[in-house]
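What follows is calculated from the coordinates using simple rules that are stated; it is not laboratory data. These figures come from a predicted structure and were not determined experimentally. Cβ: placed from backbone, ideal geometry, glycine included. Neighbour counts: every protein chain shown.
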Amino acid sequence: MTADAETIRYRAATGDTPAAVDLLDQTRIPAELERLVCESLPELHDAIVRLVVRGAPAIGIAAAYGVTLAPVDSSASPENVRRCYYDAIEYLATSRPTAVNLFWALDRMRGLVEASTDETIGDLPRRLIDEATAIHNEDRSMCRAMGKHGATLLGDCQTVLTHCNAGGLATAEYGTALSPIYYLHEKGHTLNVFADETRPLMQGSRLTAWELSQAGVPVTVCTDSMAGSLMQRGLIDAVIVGSDRIAENGDVANKIGTYPLAVLARYHDVPFYVVAPTNTFDLELESGDLIPIEQRSEDEMRYTLGADSNVHTKGRMAVPREASVINPAFDVTPAELVTAIVTEQGVIKQPTREKVQQHFAAIQTP
Ligand code: MRU
């Protein structure tokens, strides 16, 4: 991807120019490469809700930078300065409910506010920018590490199928599920990728197909309903997806349509891999039943995508008014259908609660 296609950039305040979170507008890809510059909390909140920036790690990074946009009055008391940042954190946390990376990143930012004293409050804005930048840079390294670990599972594959977009657009760069594909491509082993369209917002056909094509990886778009037939014909060597939240027992929440893929993969004896950084795990949730699932606007189902692929410009009516629609954005795949979870720390094969706990215990005591 070119610099123009960087998912997220931060613009520090200078003179009369306020700080801003500068986003590649993912509602417009592939028709246009446009950026949206958010200078206020409501603008950034709206950008997350509308999926201008989307994908679990990218939402966390954008929100972390977003905290620095809090309208702080530098002459206010330390207590009021802290309150302003806490309010910003609470507000950003209401943008989307499923990706735990959002809350993980906001918790890190909250930690700095809590740690500030009346003596150090003047340094807080600088520290918050540094923390958000660290979250951004750490995501880059984690994506590279996931690519390397994930590649060990795909060495014998020629063709993989992916769902939604878990690439550079969903992260700082490089991606989670797409990272092993990019890693292998750099090493001269180019996989063929089938990208599910991913209805209703078409992250697969619009975003995954776009970014893989930019990188020179051959990609074929298929409708979500074609996956079973492709597997039946022996055309898929592995399914590889990202995740928005993984429970302690290894149950995986990801874009709606992931669970049926896992069922199909099991039936056809195709390995089903999930690639996600450790900050996508929510160890406070015992199982996937407890993961909050975002319900999105009915209009995403009722109308086709609008002009220029802008998902929020209504296109043609696609459902008669008399019919009701449901639009859950995510589903949960039980751990028993997952062949392996890849994190930046390594691979958890056939994930269970015990194996997830061991994976994390090994990180804490290297
Ligand atoms: O609604 P979205 O586009 O934010 O959904 C994104 C996904 O489901 C991704 O697969 C997930 O966030 C992993 S991204 C590395």
**Complete:** Counting lysine pairs in the chain that sit 8 or more positions apart or on different chains, with Cα atoms under 30 Å apart, gives 9
**Asked** So how long is each side of the stretch 1-106 along the principal axes, counting just the alpha-carbon atoms, biggest first, in Å?
**Response** 47, 36, 18
**Message:** Take HIS189 and ARG140, extend 7 Å from each Cα along the Cα→Cβ direction, and tell me the distance between the two endpoints in nm.
**Reply:** 2.7 nm
**Asked** Among THR176, THR94, THR339, which one shows the biggest mean-square fluctuation in a GNM of the chain, springs joining Cα atoms closer than 10 Å?
**Response** THR94
**Asked** How many nm is it between the label spots at ALA115 and ASP22, if each spot is 7 Å from the Cα in line with the beta carbon?
**Response** 2.9 nm
**Prompt:** Over what distance in Å are the Cα centres of the stretch 257-303 and the stretch 179-229 separated?
**Reply:** 18 Å
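Once the piece of chain linking CYS84 and ALA323 is laid out straight, how much longer is it, given 0.36 nm per residue of separation minus the C-alpha distance between them? Numbers along the way, then the final one.
Values: separation 239, 0.36 × 239 = 86.04 nm, distance 4.42 nm.
Roughly 81.6 nm would be gained on extension.
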**Request:** Grab the beta carbon distance between LYS148 and SER40, set R0 = 51 Å, and tell me the FRET efficiency rounded to 0.05.
**Result:** 0.85
**Request:** Treating the Cα atoms of the stretch 147-364 as identical point scatterers in vacuum, please give the log10 of the normalised Debye intensity I(q)/I(0) at q = 0.08, 0.13 Å⁻¹, two decimals.
**Result:** -0.27, -0.73
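For GLU298 and THR278, FRET efficiency with R0 = 35 Å and r from the beta-carbon atoms, rounded to 0.05? Walk me through the numbers on the way to the answer.
Details: r = 35 Å, r/R0 = 1.01.
Efficiency, from the Cβ-Cβ distance: 0.50.
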**Item:** Fluctuation leader among ASN327, ASN101, ASN249 - the chain, Gaussian network, Cα springs under 10 angstrom
**Value:** ASN327
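Pull up the DSSP beta bridges for the chain and report the antiparallel fraction as a percent, rounded to 5.
Numbers: 21 of 39 bridges.
Counting DSSP beta bridges with both partners in the chain, the antiparallel share is about 55 percent.
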**Request:** Between ASP73 and THR94, take the C-beta separation as r, use R0 = 22 Å, and let me know the FRET efficiency to the nearest 0.05.
**Result:** 0.45
**Message:** Regarding the chain, what's the average projected area of the Cα-atom convex hull, expressed in nm²?
**Reply:** 19.3 nm²
**Asked** Pulled fully out, how much extra length does the chain show between GLU354 and VAL263, if you take 0.36 nm times their separation in residues and subtract their Cα-Cα distance?
**Response** 30.5 nm
**Message:** Taking amide H atoms as placed 1.01 Å from N in the peptide plane, list the residues 5 or more away in sequence, or in a different chain, whose amide H sits under 5 Å from that of ASN192.
**Reply:** THR159, VAL160
